[in-house]
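Below: the structure, in structure tokens.
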Amino acid sequence: MNLVQIAQHADDLERAADFYERLLGEKPIATFDPPGLVFFRIGPTRLLLGRPRLPFSTSASRTYGHVLTSSPLKASPSTLRPT
């Protein structure tokens, strides 16, 4: 079984989408705003960035499936700086 989807909390959805676009070297595959969702494809896996539905939400991320075994990253996270 492969990792199907990772859902990541993002208070600043535009900033998070820009970060992952630069990290992965790919544009999002879908954006829905409202309600505040952006999807990226990482191999067979979807990355879902989403604004929290509740202001007091404590869930930072959710993972569906098994651990991803390869890294298709186009840049090192340490080389990316917030804009």
Seminar exercise, completed: Residue hits (the stretch 21-72; at pLDDT 85 or above, among the aliphatic types (A, V, I, L, M) and in a loop (DSSP other than H, G, I, E, B)) are ILE29
Exercise. Any chance the stretch 9-20 includes a residue that's modelled with pLDDT under 90, in a loop (DSSP other than H, G, I, E, B) and out of contact with any helix residue (DSSP H, G or I) (no Cβ under 7 Å at 6 or more places or on another chain)?
Worked result: yes
Exercise. Out of curiosity, is ALA75 touching a Leu at 6+ places or on another chain (Cβ under 8 Å), modelled with pLDDT of 65 or more, small (Gly, Ala, Ser) and not in a helix (DSSP H, G or I)?
Worked result: no
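The values are calculated or read from the model by the stated rules, or taken from the named source; none is laboratory data. In this text, all values refer to a predicted model and were calculated from it rather than measured experimentally. Cβ sites come from the backbone with ideal geometry, for glycine too, and all protein chains shown count toward neighbours.
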